[in-house]
Every structure is written in C-alpha cells, then in structure tokens.
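To start, the structure under review is shown below, and the notes come after it.
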Amino acid sequence: MNHSRHIAFSKHILRCCGLDERASYFANLPAFISTSHTYTDKFTHSLSHLPEMLEVMGHVFSLLEKQGQNIERVAPLFEPTIQVIKEDLKKSSNAMEYYYYNKKLFFYEQILSNHHGILKQCDQLGEKSISLFSSFHQDNLEALFLSFLSYIYFDLWISPRQLFFPRSAFSSGSWKLWEQIDYFRLAQCFCQNNSKENLNEDSLQQRQCNEKLIGPAMIKAMIVRMGEKGSPTIQYSIIDWNIRIFFRFLGIEGYKKFDTEMEYLLQYESDLQESLKNQFGK
C-alpha cells in the first residue's frame, strides 16, 4: 500500500487545525502494525482501540529514545509489562476483559517489531527533528490522535471498515461512489507507487486550506461522519460513546460545536468524490 496520500491528507487536516504537522508522519501506524497478520484490521482500524494504540506507541518510542534506539537493549525492558498482560489475559473472567488484554498485548508486540520501519519513514519524509519523542508525544497527544483518525477516515475511500466494532459490526465506506466508478482502477491508484493514474486531491486540499478549524471539533466531526458512512448508519448512541471516551482520554472538556468542521468535511468529500467520478467513472 502506498500511504503517501493518507499522510498528506492527515498533514493537511493538522495544518487546518493549527496542530503540529509532524504528527502526520505517524498517521499510518495502524497499517505498519497490521502487515504481518490478515485479521488485524479489527485491532488497528476499530476506533475504540486508538487510545491504547497511542499509549503503547508513546511508551515504546519514549523508552527507545532513552536507549539510543537500540531495540536489543529495549526489548528486555518490556518483558515484565508483557508478562503482566499475558497473566491478566489468562485470568480474564469474561469476553470483554479478554478482548482488552489481547489487543494491548498485540499493540506492544507489533509496535516493538515494526518500530524500525516507522522511524525510517520519518527519516524518509525529512522529519528528523522529533529528537525528543517523549516530550513530543506528551505535548501533541491531540495531534497524534487526529493524525490516526485522519488516516482511517481517508482510508474509507478505498476500504470498508468495521470502525465501531465491537459495539457495532456494520462497516463504513464510500458505498455510493463505488457503485459509480471502476473501483479496481481507484484501488490500484491508491495502492501502487508506480500507478499511472494521479489523483487530483492535492488541488482540492490547497483550495480549502485557508479554513481555520478546531482540533477537538474536527475529531468529533470525523467520528460522526464515519458513523454516517456506515451501511446501515451507525446508531448515534454508539458514535457518541466513542466521542466521550476519546475526549476523556485527551482531557478535552465541555461541549464542542462542530458545524464548521462538518461542513468542511462534507464539502471536501463532495469535491473529491466528483473528481474521482470524473476520473474513474465506468
């Protein structure tokens, strides 16, 4: 998969929200940690897993930083943590407890085994200035979370996802668009580095980049929009539950109006969808 477009979209959203754009270089962490298993989209694309994924990433990369990026020195330091999770997994008294510890164990094992690729990507993107990841993670939690969310939202152009699993098994996606275009050409364009097709999303982003948006409101708007893209539409009580959990995790308080951010997303979707129909129409 070519993730450059996902990262570019995430960077664009962070810029519009006045957040640190460097967080976008970690946006495709869900893809990095799912490459070795075919079933792991349930763990990496389910929205309710993002807080644990972000916590584990912060823990692993902060310790790597202290140990000079030496995984051989770092790996043994995580053995006690992983062992405790495994013991808790064995002691699980119900399905939800088992599910919680199983996903946490998965994140530790996968991020530890794929950390080199993530750091290499940052270097390739020219971002070596995140020299103190522990402080960057702490100061930019909202930006990192929104970068993950933007990646998953943008991925709905080509892949249906069970984003609200396990509370809802219904998938979200760009259903109406897929009925009107040559889906396989679109997927090839997204997935292959050497595709002859070029998308026009860069010009669409430039046209809308003057908008001044608010980070928490954009998080809320994206989650609501993902629920609306469900087939059938995800129950709002489930959408609202996710928003409340995320805001509590990020320390965001109070009601957040998101009219401007929702209007922005709807206009962006409308413009890009029209462009994709013109380019990949049957």
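General observations
- Thr81 sits among other residues whose Cβ lies under 14 Å from its own Cβ, and their net charge, with Lys and Arg +1 and Asp and Glu -1, is -4.
- The modelled label-to-label distance between Tyr183 and Glu109, using points 7 Å beyond Cα along the C-beta direction, is 3.2 nm.
- Debye equation applied to the C-alpha atoms of segment 63-110, log10 I(q)/I(0) at 0.14, 0.17 Å⁻¹: -0.40, -0.54
- Annotation note: chymotrypsin sites (Phe, Trp or Tyr not before Pro) in segment 220-267 located in DSSP loop regions with a Cβ neighbour count of at most 14 within 10 Å are Tyr255.
- The peptide list 222-230, 22-30, 84-92, put in order of mean Cβ contacts within 10 Å with the highest first, becomes 22-30, 222-230, 84-92.
- Taking every Cα-Cα distance in segment 50-132 and sorting them into 5 Å bins starting at zero, the pair-distance distribution P(r) comes out as 3, 13, 23, 23, 17, 10, 6, 4, 1, 0 percent.
- Extending 7 Å from the Cα toward the beta-carbon at both Cys122 and Gln235 defines two label points whose distance is 4.1 nm.
- Note on Val84 and Tyr99: the extension gain reaches 3.9 nm, defined as 0.36 nm multiplied by sequence separation minus the Cα-Cα distance.
- Neighbour-count order for Asp20, Asp123, Asp155, fewest beta carbons within 10 angstrom listed first: Asp123, Asp20, Asp155
- Applying 1/(1 + (r/R0)^6) with R0 = 41 Å to the Cβ-Cβ distance of Gln69 and Tyr255 gives a FRET efficiency near 0.45.
- Local charge for Ser92 was computed over the other residues whose Cβ lies under 13 Å away, with Lys and Arg +1 and Asp and Glu -1, and equals +2.
- Relative exposure of Cys191, Cys17, Cys122, judged by other C-beta atoms within 10 Å (fewest first): Cys191, Cys122, Cys17
- Put a dot 7 Å past the Cα of Lys91, heading toward its Cβ, do the same for Arg248, and the two dots end up 2.2 nm apart.
- Segment 212-232 residues near the modelled Ser270 label - backbone nitrogen below 20 Å, point 7 Å along Cα→Cβ: 212-214, 218, 221-230
Rule-based calculations on the coordinates, nothing more; no lab input. Quick caveat: nothing in here was measured; it's all calculated off a predicted structure. Neighbour counts run over all protein chains shown; Cβ positions are idealised from the backbone, glycine included.
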